[in-house]
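Every read-out reported here was derived from the displayed coordinates using simple, explicitly stated rules and does not represent laboratory data. Being a predicted model, the structure only gives us computed values, none of them experimental. Because the Cβ atoms are built from the backbone with ideal geometry, glycine has one as well, and the counts that use them run over all protein chains shown.
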Amino acid sequence: MPTSLWPVRYISVSIDRPPGDVYEIAANPANLPRWASGLAGTITPDADGDGSWTASSPMGKVTIRFADRNPFGVLDHDVTLPSGETIHNPMRVVPNASGCEVSFTLFQRPGTSDSDFESDARAVTRDLAALKALVER
């Protein structure tokens, strides 16, 4: 029986810092170039004041919009590609003793090859490792 569910990969990293500290750094889009390699270029808030940011990426200009600030560590964000397609990226910071876990849910969208999905997973793993290095300094 065919399924309508996409394959998924859960990628996480343990960070030896309080969850609130990690959330504050990761929730600020201005910090994305410091840890998200796909957005390592320029990033600026959109002039319309809706909370969206425009960033340079290998695919061209993208728009990013994070979930509203919240006490639950939810860092979900939508990335709108130059094609107009919007990709939802679930991301969380959850307490783990005196530190936290940061997790990212990566979906294999239709049309994404297994090879590209693996490449995306490696990129997310590198980005989370960069976030860890940034906040554990």
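What to note about this one:
- For the pair residue 52 and residue 16, label points projected 7 Å from Cα toward Cβ lie 4.1 nm apart.
- Loop sites in the range 77-123: GluC sites (Glu not before Pro), DSSP, at most 12 other Cβ within 10 Å: 85
- Label-point separation in nm, residue 122 to residue 61, each point 7 Å along Cα→Cβ: 3.1
- Summarising the label geometry, the points placed 7 Å from Cα in the beta-carbon direction at residue 9 and residue 42 lie 3.2 nm from one another.
- Three-way shape label, the chain, alpha-carbon gyration tensor, a/c 1.5: oblate
- Net charge of neighbours whose Cβ lies under 14 Å from the Cβ of residue 28, counting Lys and Arg as +1 and Asp and Glu as -1: 0
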